[in-house]
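*Asks:* One structure is given below, represented as structure tokens, and several questions about it will come after.
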Amino acid sequence: SKRSVTRNNQEISLRRKEFDLLEYMIRNQNYVLTRSAIAQQIWQNPSLIDSNTIDVHIKYLRDKIDKGFPNKLIKTIHGIGYRS
């Protein structure tokens, strides 16, 4: 409910879409999430979102939660989507 994220006791500041994306991925952990499914869940008008927009948001999220850590939390499933 606080919409806060920490990793190794370090607070990580996320934008609203980044947080929504991370929350969706955590709630569906170990499932492969297609770009289409992500767009449907995160954006109000998913028909206006292209896959590049999702890729960019994933990159921003990775830069904040995975950079500098050996264990990466977001994995790319090439040709399909992402998994956490």
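*Asks:* Among the numbered conditions (1) open to solvent by 60 Å² or more (accessible area, probe 1.4 Å); (2) in a helix (DSSP H, G or I), tell me where K72 comes up short.
*Replies:* (2)
*Asks:* So, of the residues in the stretch 6-41 that are more than 16 Å from R83 (Cβ to Cβ) and part of a helix (DSSP H, G or I), which turns out to be most open to solvent (accessible area, probe 1.4 Å)?
*Replies:* Filtering the stretch 6-41 down to residues more than 16 Å from R83 (Cβ to Cβ) leaves 6-20, 39-40.
Subset that is part of a helix (DSSP H, G or I): 16-20, 39-40.
Values: R16: 154, K17: 42, E18: 3, F19: 33, D20: 33, A39: 7, Q40: 117 Å².
Looking at the filtered set, the residue picked out is R16.
*Asks:* Of the residues I58, I49, which is in contact (Cβ under 8 Å) with a residue 24 or more places away in the chain and among the hydrophobic types (A, V, I, L, M, F, W, C)? Spell out the reasoning first.
*Replies:* Numbers: I49 fails: in contact (Cβ under 8 Å) with a residue 24 or more places away in the chain.
Result of the check over I58, I49: I58.
*Asks:* Please state which of the following conditions D63 fails to meet, knowing it meets all the rest: (1) assigned to a loop (DSSP other than H, G, I, E, B); (2) open to solvent by 40 Å² or more (accessible area, probe 1.4 Å).
*Replies:* (1)
*Asks:* Name the residues in the stretch 42-55 that are in a loop (DSSP other than H, G, I, E, B) and either touching a Pro at 6+ places or on another chain (Cβ under 9 Å) or surrounded by 13 or more Cβ atoms within 10 Å (Cβ to Cβ) (or both), would you? Spell out the reasoning first.
*Replies:* In the first step, residues of the stretch 42-55 are kept if they are in a loop (DSSP other than H, G, I, E, B); the result is 43-45, 49-50.
Within the stretch 42-55, W43, I49 meet the criteria.
The values are calculated or read from the model by the stated rules, or taken from the named source; none is laboratory data. Treat the numbers as computed from the prediction; the structure is a model and nothing was measured. Neighbour counts are summed over all protein chains in view; Cβ atoms, including those assigned to glycine, are modelled from backbone coordinates with ideal geometry. Ligands, DNA and RNA are excluded from the accessible area calculation, which covers all protein heavy atoms including side chains. Shrake-Rupley method; radii C 1.70, N 1.55, O 1.52, S 1.80 Å.
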